[in-house]
Amino acid sequence: MNLERKLVPFEKGLEILNRTASSLNVVTTSKVKGYIGQDSLKNALLFIEQRHPQLQSCISGSINELEFSKRANSPLPLQVLEYQDTASWQKIVLNELNQEINSSESLFRITAIYQLEKDYTYLITTIHHAIIDGISSVNLHSEILRHCGNSQQIKISSSKIENLPILPPVESLFPDSHTGYQGKINSFIWLLKLLLKQVWLQPKTLEFEKFVPVEARTCNVIHKTLEPAFTQALLSKCRAEKTTIQGALCSAMLLSVYDKIKAEKSHKASICCRSFVDLRRRLSPAIDNEKLGSFASAVSTFHNISPHTEFWQLAREVKYKVIQGINRGDMFNIILMFTEVLNALLSSSHKAPLAVEVTNLGQVDIPVNYGSLKLEEISFMPSQGVFGGVFFAAVTTLKDKMMLNFVFSEPSLSQATVEDLVNNTMSYLIRSFQ
């Protein structure tokens, strides 16, 4: 397949979001024990750029005629920094979340932060969501580290690099029931049912603390870590309760939001939660994790919550309703109707589209040892600047150490409010063992 083609509506929507408060670009961070030399890193970046054709592309044309094209030969979009304090990587991540990708020149950029005193390297990639998702971004980091950590590394000629195929747009890989005329009918019916459900249930959301236009919003993040012993205990408890980590996280966040918005203790509230879904095994043909592309979608579920709602019952309900949505094909419909969903979001930017979102990669299947380098932590997050009022978490687990990034839009929600929500969420997870 040719690298040069027009963007489909889903990809066009992601580019519009990139240009609007730099939203939904995927920022991935690795904490690596060991020093990655600049020459080694540059060589690795040349290698992955050659192997993954999407990294050689840019987006050109007017907003109505956007297309992928081969980017001009230019220096690698690499920034190298050196810091002493341990919090510096967090400052850089925050900057990356709020910096638009100049898509007419490149669709990615990379920052390496050296903390020489403690022999650490932080590797941060920011990549356009039209060509990557959380799973492939984590695997891309593994590929970079594998190349850099080989002490016997020699420079590989481009003729010896296995170039991965250029994949078609994700919707062309959907099952027959969600392609062509039938797919349009199914997705339209899905959108109509979703709108009717919104009218009927009147789901509650977090109120804006301050409204500003989407262009003036910024993204912030609160990082939390669950140590391996707690993560293993939580996983065992989820199995015993016949639910999943996704269900437990959604339950804790939903109950935290309910505590924030409830007016009286006797009142029930309908609250909407969006769980992100990996499409790779649901496409034809299935897509390997190492292949770059945007193969993530979502399923929305509605939950009636009261002061008597029990944590594990809600967690099981989330799991059950997500499975129902997957069986209906909701994750295909939202992509097919992405233009309509995005237009509705931008036209109603004065209120939150929903209350809770959780994207959980689960236990990532990558090594931790790469020759002289050791991967200690890895996490990802999409920028959320446009999505005011949403309580959002991006979750990654490496060797049972769970990294949670709670990403939010300011000033719609203040840092103090989100810190309260996060702390309450952590408390619900701890109390779930009682």
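The values are calculated or read from the model by the stated rules, or taken from the named source; none is laboratory data. Keep in mind the model is a prediction, meaning the values are calculated, not measured. Counting neighbours? That spans all protein chains shown, and the Cβs are built from the backbone with ideal geometry, glycine included. All accessible areas refer to the heavy atoms of the entire protein, side chains included, with ligands and DNA or RNA removed. Shrake-Rupley method; radii C 1.70, N 1.55, O 1.52, S 1.80 Å.
Any idea what log10 I(q)/I(0) is at q = 0.10, 0.13, 0.14 Å⁻¹ for the chain, Debye with uniform C-alpha scatterers and no solvent?
-0.70, -1.22, -1.42
Give me the distance in nm between label points sitting 7 Å out from Cα along the Cα-to-Cβ direction at Ser348 and Asp85, one decimal.
That separation, rounded to one decimal, is 4.2 nm.
What dipole magnitude, in Debye to the nearest 20, does the range 174-216 give about its Cα centre under +1 on Lys/Arg Cβ and -1 on Asp/Glu Cβ?
200
Only four residue types carry charge here, +1 at the Cβ of Lys and Arg and -1 at the Cβ of Asp and Glu. Report the dipole size of the chain about the Cα centre in Debye, rounded to the nearest 20.
Here the chain has a charge dipole of around 920 debye.
Which one, Tyr258, Leu191, Ala248, is farthest towards the positive end of the dipole of the range 131-259 when Lys and Arg carry +1 and Asp and Glu -1 on their Cβ?
Among Tyr258, Leu191, Ala248, the one farthest towards the positive end of the dipole of the range 131-259 is Ala248.
With a point put 7 Å past each Cα toward its Cβ, work out how far Thr225 is from Ile189 in nm, to one decimal.
So the label points at Thr225 and Ile189 sit 4.9 nm apart.
Which is the longest stretch in the chain that no exposed loop site breaks, taking sites as trypsin sites (Lys or Arg not before Pro) with a DSSP loop state and at most 15 other Cβ atoms within 10 Å?
Answer - 1-154.
Which value, to two decimals, describes the C-alpha radius of gyration of the range 205-281 once divided by 2.2 N^0.38 Å?
The value comes to 1.45.
Counting other Cβ atoms within 10 Å, which GluC sites (Glu not before Pro) in the range 373-427 have at most 14 and lie in a DSSP loop?
none
Accessible area per residue, 1.4 Å probe, Å², for the range 127-230: what's the number?
Accessible area per residue, the range 127-230: 56 Å².
Could you name the aspartates and glutamates whose alpha carbon sits less than 12 Å from that of Lys399, not counting residues in the same chain fewer than 8 places away?
Answer for Lys399, where 12 Å is the Cα cut-off: Glu227, Asp365, Glu376, Glu377, listed by chain and number.
Among Thr225, Thr86, Thr126, which one shows the highest mean-square fluctuation when the chain is modelled as a Gaussian network with alpha-carbon springs under 10 Å?
Most flexible of the set in this elastic network: Thr86.
For a test of understanding, tell me how many lysine pairs in the range 152-258 have Cα atoms under 30 Å apart, given they are 8 or more places apart or on different chains.
Lysine pair count for the range 152-258: 13.
Averaged per residue, what accessible area in Å² does the range 312-434 show with a 1.4 Å probe, protein chains only?
On a per-residue basis, the range 312-434 sits at 37 Å².
Mean residue ellipticity at 222 nm from the helices of the chain, using -39,500 (n - 2.57) per DSSP H segment of n ≥ 4 over the full residue count, to the nearest 500 deg cm²/dmol?
About -11500 deg cm²/dmol.
I'd like the distance between the alpha-carbon centres of the range 78-149 and the range 254-308, rounded to an integer number of Å.
Value for the Cα centre distance between the two parts: 27 Å.
Hey, if you put +1 on the Cβ of every Lys and Arg and -1 on every Asp and Glu Cβ in the range 1-160, which of Thr121, Leu3, Gly149 ends up farthest toward the positive end of that dipole?
In the range 1-160, that residue is Gly149.
Ignoring any ligand, DNA or RNA, what whole percent of the accessible area of the range 56-159 comes from carbon and sulfur when the probe is 1.4 angstrom?
Roughly 47 percent of what the probe reaches on the range 56-159 is carbon or sulfur.
For the range 350-434, state which chymotrypsin sites (Phe, Trp or Tyr not before Pro) are in a DSSP loop and have at most 16 other beta carbons lying within 10 Å of their beta carbon.
Passing sites in the range 350-434 are Phe433.
Using a Cα-Cα cut-off of under 17 Å, which aspartates and glutamates could be cross-linked to Lys12, ignoring same-chain neighbours fewer than 8 residues away?
Glu4, Glu65, Glu67, Glu100, Glu105, Asp133, Glu171, Glu340
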